[in-house]
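Below you'll find the structure, written out as structure tokens, and then a few comments.
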Amino acid sequence: MREPVQVIINGEARDVPPATTVADVVRSLTSAANGVAVAVNDQVVPRTGWADTAIGPDDRVDVLTAVQGG
Amino acid sequence: MTAEPTTAAPGSGPRATADPLVIAGREFGTRLIMGTGGAPSLRVLEEALIASGTELTTVAMRRVDPAARGSVWDVLHRNGIRPLPNTAGCFTATDALRTARLAREALGTEWIKLEVVADERTLLPDPVELLDAAERLVDEGFVVLPYTNDDPVLARRLEQVGCAAVMPLGAPIGSGLGIRNPHNIELIVEQAGVPVILDAGIGTASEAALAMELGCDAVLLATAVTRAREPALMAAAMRDAVAAGRMARRAGRIPVRRYAQASSPDPDRPPC
């Protein structure tokens, strides 16, 4: 069995199974279908690429949404 | 034969709605742009947004909170209000670019309210980072609306790099200090070829009206409404103040005189 992968999701260290994708991470955080964007290591991953983008060791994944402000 | 009434019904005269705000080729029927920060709940926020009549409203971008209930995006969407994402919380051009790109992806809009502030205490714009970020975002195809100091030179530079509007502050964010330097706001308005939106500092309705009387094209405010005792009521006050100030500006105010000028015709002097 392959080892879990250590990543940072929204600033918190997490272990995820190998071959976890951006789409998996988003689903684990929110059920919102709209208004969400993802950056991996500060690079935006377009929604169309979420299912095909696997996250690797030490990747920083940020999942953002619109909140009250400004 | 009965004569038709010739007097117009109250409220049927010329209105600000016949005078749309145009930013980057898009028309808005109201000149009040709202923010969403500071409201005690999404329900209170929604009531205030509806009362304000706004058609464009800012939101911030933050990490998803799995425990959050409801979303500001849903509130805007169901009321047909366009979201204007901001880069609040950014201190460098690099931060602001990253946030703007994420906002574009999340909300499907090229429009960005650009905020690059210098420090937490004043939240005043950092002009060097702001101009740098504005230029780079324009190059990437964003419609950039920068929150800026009340500095006519910086406002001109922001316009020159291609910003779609300039948004000078009246006073620091959330301060309610009103418009501290109306002269500078007038100078910015005089030279601007893009809309000038008074952003930040408004505390009450008369200050929103003053911004419009000074020649601003629109007012952006949040705290004055969201932290008022009755947010929806203040939102309605702001809506009317912005409309009134705009109409007064268009109507052209009378010159200020040092002494009285009788407004009644000279009476025949009665015999003593």
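Each reported figure results from applying straightforward, stated rules to the coordinates on display, with no laboratory input. Because the structure is predicted, anything quoted here is derived from the model rather than measured. Counting neighbours? That spans all protein chains shown, and the Cβs are built from the backbone with ideal geometry, glycine included.
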| task | Quick one, can you get me the convex hull of the C-alpha atoms of chain B expressed as volume per residue in Å³? | result | 202 Å³
| task | Of the DSSP beta bridges with both residues in the protein assembly as shown, give the percent that are antiparallel, rounding to the nearest 5. | result | 50 percent
| request: Would you compute, for the Cα atoms of region B:117-166, the largest minus smallest coordinate along each principal axis and list the three values in descending order, in whole Å? | output: 32, 21, 15
| Given H placed 1.01 Å from N in the peptide plane, which residues other than close sequence neighbours of residue B:33 have an amide H under 5 Å from its amide H? | B:219, B:220, B:221
| task | Determine, for B:147, B:259, the number of other Cβ atoms within 10 Å of each Cβ, and report the residues in order from fewest to most. | result | B:259, B:147
| task | Determine the sum of side-chain charges near residue B:190: Lys and Arg each +1, Asp and Glu each -1, restricted to other residues whose C-beta is under 15 angstrom from that of residue B:190. | result | -4
| remark: Rounded to the nearest 5, the percent of DSSP beta bridges in chain A running antiparallel is 90 percent
| Estimated [θ] at 222 nm from DSSP helical runs (n ≥ 4, -39500 (n - 2.57)) normalised by residues in chain B, nearest 500 | -11000 deg cm²/dmol
| message | Charges on Cβ only, +1 for Lys and Arg, -1 for Asp and Glu, centred on the Cα centroid of region B:31-250; of B:117, B:35, B:189, which one is farthest towards the dipole's positive end? | response | B:35
| task | Calculate, in nm to one decimal, what residue B:91 and residue B:186 gain on full extension: separation in residues at 0.36 nm each, minus their alpha carbon distance. | result | 31.4 nm
| task | Could you tell me the distance between the Cα centroids of region B:66-102 and region B:127-193, to the nearest Å? | result | 20 Å
| Summed side-chain charge close to residue B:223 - residues other than residue B:223 whose Cβ falls under 14 Å, Lys, Arg +1, Asp, Glu -1 | 0
| request: When you have a sec, figure out the Kirkwood radius of region B:175-240 from all distinct Cα pair distances and drop it here in Å to one decimal? | output: 12.0 Å
| By how many nm would the segment from residue A:60 to residue A:23 lengthen if fully extended, with 0.36 nm per residue of separation less the alpha-carbon distance? | 11.9 nm
| remark: For B:81, B:50, ascending order of other Cβ atoms within 10 Å (fewest first) is B:50, B:81
| field | Between helix B:182-191 and chain B: long-axis angle, C-alpha atoms, 0 to 90°, nearest 10 | value | 80 degrees
| message | At 0.36 nm per residue, and after removing the present C-alpha to C-alpha distance, how many nm does the segment from residue B:118 to residue B:240 gain when stretched out fully? | response | 40.6 nm
| query | Can you sort B:247, B:234 so the residue with the fewest Cβ neighbours within 10 Å comes first? | reply | B:247, B:234
| field | Net +/- balance of residues flanking residue A:37 in space, Cβ distance below 9 Å, scoring K and R +1, D and E -1 | value | +1
| field | Electrostatic dipole magnitude of chain A [Cβ: Lys, Arg +1; Asp, Glu -1; Cα centre; debye, to 20] | value | 220 debye
| request: Quick one: work out the % antiparallel among DSSP beta bridges in region B:31-250, nearest 5. | output: 5 percent
